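K.L.:
Structure provided below as structure tokens; questions to follow.
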Amino acid sequence: MSKRGLGQLCCEVFGGEVAVLRCGTHTGTVAAARNWDGDMEIVVVLPSRPDSCERQAHDTGLRSFVLNSREASKNDESLKKELMKQKLETFIGVTYKPGTELRSHHSSAVLGKQLDAYKWFDESHVVQALEKTQPRTPLAQGETYPFEL
């Protein structure tokens with residue numbers, strides 16, 4: 001079975017009724033574990049790589065923006081061309097390992113093919129959590145255990 005993201009699965013089931021939005025950041029902090037089933041930590045996000053779409057967004061000098069790629073590519077040929085270029089994209093989720101960031105959290109992406117909109121925050125910070133330690137009960141582990149579709 002191939003690995004498919006939630007956005008891809010929704011598009012396969014619901015077609016044009018789905019809008020895929022992704023958020024990106026240049027730097028800041030994230031609440032994540034170093035390993036699956038690990039306790040949450042506040043981790044400093046490394047600055048975006050020079051060859052990434054996050055660096056391209058950072059280089060605009062804007063603190064935040066929303067790019068509606070559906071509309072933008074209709075109205076601006078140079079932006080459409082830029083959105084169709086393959087770049088590295090950073091993925092930070094339940095886990096974040098700064099020491100192996102390139103291997104663990106980057107993938108090649110063509111934003112114009114993958115997203116309908118992109119929400120940018122040049123610097124982002126974690127929301128304070130209610131719990132920092134994962135409860136060690138069977139029910140709690142079942143709620144957060146990773147799986148593939």
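K.L.:
Hey, GLN128 hits all of (1) at pLDDT below 80; (2) surrounded by 13 or more Cβ atoms within 10 Å (Cβ to Cβ) but one; which does it fall short on?
P.N.:
Single failed check for GLN128: (2).
K.L.:
Can you work out which of the residues in segment 48-75 that are in a loop (DSSP other than H, G, I, E, B) and surrounded by 15 or more Cβ atoms within 10 Å (Cβ to Cβ) is farthest from the chain's Cα centre (by Cα)?
P.N.:
We begin by selecting, within segment 48-75, every residue in a loop (DSSP other than H, G, I, E, B); these are 48-51, 59-63.
Filter once more, so that each one left must be surrounded by 15 or more Cβ atoms within 10 Å (Cβ to Cβ): 48-49.
Working: SER48: 12, ARG49: 14 Å.
The residue in question is ARG49.
K.L.:
Is segment 99-110 home to any residue that is under 23 Å from GLY16 (Cα atoms) and surrounded by 11 or more Cβ atoms within 10 Å (Cβ to Cβ)? I'd like the intermediate steps shown before the answer.
P.N.:
Taking segment 99-110 and keeping what is under 23 Å from GLY16 (Cα atoms), we get 109-110.
Now drop any that are not surrounded by 11 or more Cβ atoms within 10 Å (Cβ to Cβ), which leaves 109-110.
Yes, that holds for at least one residue.
K.L.:
Determine if segment 28-46 includes at least one residue that is surrounded by fewer than 13 Cβ atoms within 10 Å (Cβ to Cβ), closer than 17 Å to GLU123 by Cα and out of contact with any Cys (no Cβ under 6 Å at 6 or more places or on another chain).
P.N.:
yes
K.L.:
Shifting gears a bit: Does segment 27-47 hold any residues that are touching a residue at least 40 places away in the same chain (Cβ under 8 Å) and part of a loop (DSSP other than H, G, I, E, B), and which are they?
P.N.:
Listed by number, the residues that qualify are ARG34, ASN35, TRP36, ASP37, GLY38, ASP39, MET40, LEU46.
K.L.:
For residues in segment 87-106 being among the β-branched types (Val, Ile, Thr) and in a strand (DSSP E or B), which is farthest from the chain's Cα centre (by Cα)?
P.N.:
Here is the first cut: in segment 87-106, the ones among the β-branched types (Val, Ile, Thr) are 90, 92, 94-95, 100.
Applying the additional criterion that residues be in a strand (DSSP E or B) yields 90, 95.
Working: THR90: 6, THR95: 12 Å.
Applying the filter and picking the extreme gives THR95.
K.L.:
So which pairs qualify, if the first residue must be in segment 104-132 and under 19 Å from ASP37 (Cα atoms), the second must be basic (Lys, Arg) and modelled with pLDDT under 90, the Cβ gap must be under 9 Å, and the two must be at least 6 apart or on different chains?
P.N.:
Hits for this filter: SER104/LYS97; HIS105/LYS97.
K.L.:
Then there is this: Is at least one residue of segment 58-72 over 26 Å from VAL127 (Cα atoms), out of contact with any strand residue (DSSP E or B) (no Cβ under 8 Å at 6 or more places or on another chain) and at pLDDT 85 or above? Let's see the steps before the verdict.
P.N.:
Within segment 58-72, the subset over 26 Å from VAL127 (Cα atoms) is 69-72.
Those still in the list that are out of contact with any strand residue (DSSP E or B) (no Cβ under 8 Å at 6 or more places or on another chain) too: 71-72.
Narrowing further to those that are at pLDDT 85 or above: none.
No, because not a single residue in segment 58-72 is over 26 Å from VAL127 (Cα atoms), out of contact with any strand residue (DSSP E or B) (no Cβ under 8 Å at 6 or more places or on another chain) and at pLDDT 85 or above.
K.L.:
In segment 16-26, what count of residues is obtained for those that are surrounded by fewer than 16 Cβ atoms within 10 Å (Cβ to Cβ) and not in a helix (DSSP H, G or I)? Show your work before the answer.
P.N.:
Going through segment 16-26, the residues surrounded by fewer than 16 Cβ atoms within 10 Å (Cβ to Cβ) turn out to be 16-19, 21, 23.
Filter once more, keeping what is not in a helix (DSSP H, G or I): 18-19, 21, 23.
Count: 4.
K.L.:
Still on this structure, I have one more. Would you confirm, using the coordinates I've provided, whether SER48 is farther than 18 Å from LYS113 by Cβ and modelled with pLDDT of 85 or more?
P.N.:
yes
The values are calculated or read from the model by the stated rules, or taken from the named source; none is laboratory data. Because the structure is a prediction, the values reported are computed rather than measured. Reconstructed Cβ throughout: ideal geometry from the backbone, glycine too, with neighbour counts over all protein chains shown.
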